[in-house]
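Before any comments, here is the structure.
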Amino acid sequence: VDTQEKLILSSMGLSSRPKPSHQAPVPSLLWRMFKKDGERSSESDGDPCVVSEYGVRGNIVRFIQDQGSLISAPAVHCFNCVRKHLFFNVSVLEDVEQLSFAQLEMKFEQDLAHLGRSVFSVDLYGVRRTALKGVTHESSRRLLLSQSLGPGAYASVHVNLTQLAETWRTPGKNYGVQVEVHSSGELEEHASVGKVARTPELRASLVAVSLNPLQCRSRRKRS
Amino acid sequence: AAYYLPVTPSNVCKPRRLYIDFKDVGWQDWIIAPQGYLANYCHGECPFPLSESLNGTNHAILQTLVHSFDPKGTPQPCCVPIKLSPISMLYYDNNDNVVLRHYEDMVVDECGC
């Protein structure tokens with residue numbers, strides 16, 4: 001039985017039976033896609049090798065959890081801001097898989113309105129090489145995005161990181177990204193940027209769409 | 001004629017209903033959805049002469065012919081899946097990531113000899 005189970009788990013890209021330590025919530029988009037897949041297979045319609053939500057080829061969609069942590073070391077350029085290192089273990093993709101799309105999703109699950117009229121800016125840096133602890137050389141990172149978050153709505157930021165994530169697949173090349181959240185306005189009393197990001201309000205995940213060509217037979221008819 | 005055994009229609013090769021509940025194989029902790037699915041299986045005989053409805057291969061047609069002459073030396077052809085369809089599964093992987101994956105060949109739609 002163990003051999004049989006290993007065989008089928010292996011075909012599913014799993015080395016062993018997963019034992020989830022905590023049951024992370026399923027993103028609503030994945031639920032919608034799952035339900036749509038069920039309807040599609042019953043109708044024998046559509047191409048199962050295409051993820052239409054992202055307009056790319058693929059048969060696997062992963063929400064890869066962030067395994068990074070807050071950066072506590074102070075930085076001259078980052079007064080009253082919060083820095084976080086984001087790390088996504090893309091080695092979960094098998095070698096045979098072709099990465100079609102990778103998108104970073106950062107959600108500030110706290111209503112920023114209570115922080116008053118202040119406007120926040122989010123800077124995202126790709127880390128190029130390892131730096132010593134507490135030392136941030138500009139040459140060791142590259143700005144990928146700088147975006148303002150207005151007061152009010154629950155904010156989310158989506159960034160296409162397909163090319164960068166592809167480089168992360170090379171062993172020893174995955175240094176992750178750094179996020180800096182700055183306040184560019186006056187905070188109301190008792191509010192601080194730290195409250196935005198120190199607690200679990202900043203949630204990040206990497207949506208990775210990939211294609212395992214060995215496990216996807218397109219049903220498109222030949223012309 | 002001594003070896004001829006009439007086969008009733010219910011014994012003929014065809015898909016049979018099989019619902020696989022992931023709980024039965026102990027996978028309920030990591031598979032989020034579906035909790036189970038109708039997988040089906042193929043079962044039944046491939047008797048001589050193979051009718052068109054049994055979707056026999058040329059090889060199977062000849063094997064039934066040989067079997068009819070020499071039942072002890074050559075078995076009847078097997079009843080196997082000839083058309084399968086995929087399902088999608090939502091699950092947690094070994095890193096607690098949520099994964100939606102499309103799997104081929106999970107459901108038996110048609111059987112043949």
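The values are calculated or read from the model by the stated rules, or taken from the named source; none is laboratory data. A quick note: this is a predicted structure, and the numbers were derived from the prediction, not measured. Backbone-built Cβ (ideal geometry, glycine too); neighbour counts: all protein chains shown.
Filter the range A:20-51 down to the residues that are more than 9 Å from every other protein chain (Cβ to nearest Cβ), surrounded by fewer than 12 Cβ atoms within 10 Å (Cβ to Cβ), outside any helix (DSSP H, G or I) and modelled with pLDDT of 80 or more and list them by number.
The answer is none; no residue qualifies.
Of all residues in the range B:28-51, count the ones that are closer than 20 Å to B:L100 by Cβ, surrounded by 18 or more Cβ atoms within 10 Å (Cβ to Cβ) and away from chain A (no Cβ under 11 Å).
Counting residues in the range B:28-51 that are closer than 20 Å to B:L100 by Cβ, surrounded by 18 or more Cβ atoms within 10 Å (Cβ to Cβ) and away from chain A (no Cβ under 11 Å) gives 0.
Which one of the conditions (1) crowded, with 16+ Cβ neighbours inside 10 Å; (2) closer than 30 Å to B:R101 by Cβ; (3) at pLDDT 85 or above does A:Y125 fail to meet, given that it meets all the rest?
(2)
Please specify each residue of the range B:55-112 satisfying the condition of being in a loop (DSSP other than H, G, I, E, B), out of contact with any Ser or Thr (no Cβ under 7 Å at 6 or more places or on another chain) and within 27 Å of B:Y41 (Cβ to Cβ). Show your work before the answer.
Taking the range B:55-112 first, the residues in a loop (DSSP other than H, G, I, E, B) are B:55-57, B:70-79, B:93-97.
Then drop every residue that is not out of contact with any Ser or Thr (no Cβ under 7 Å at 6 or more places or on another chain), which leaves B:55-57, B:70-75, B:78-79, B:93, B:95, B:97.
Those that are in a loop (DSSP other than H, G, I, E, B), out of contact with any Ser or Thr (no Cβ under 7 Å at 6 or more places or on another chain) and within 27 Å of B:Y41 (Cβ to Cβ): B:N55, B:G56, B:T57, B:P71, B:T74, B:P75, B:C78, B:C79.
Which is buried (at least 18 other Cβ atoms within 10 Å of the Cβ), within 13 Å of chain A (Cβ to nearest Cβ) and without any contact (Cβ under 8 Å) to a residue 60 or more places away in the chain, of B:V99, B:V25? Walk me through it before giving the result.
Values: B:V25 fails: buried (at least 18 other Cβ atoms within 10 Å of the Cβ).
Being buried (at least 18 other Cβ atoms within 10 Å of the Cβ), within 13 Å of chain A (Cβ to nearest Cβ) and without any contact (Cβ under 8 Å) to a residue 60 or more places away in the chain holds for just one of B:V99, B:V25, which is B:V99.
Please work out which one of (1) at pLDDT below 95; (2) more than 14 Å from chain A (Cβ to nearest Cβ); (3) within 21 Å of B:K14 (Cα to Cα) is the condition B:D70 fails and give its number.
(3)
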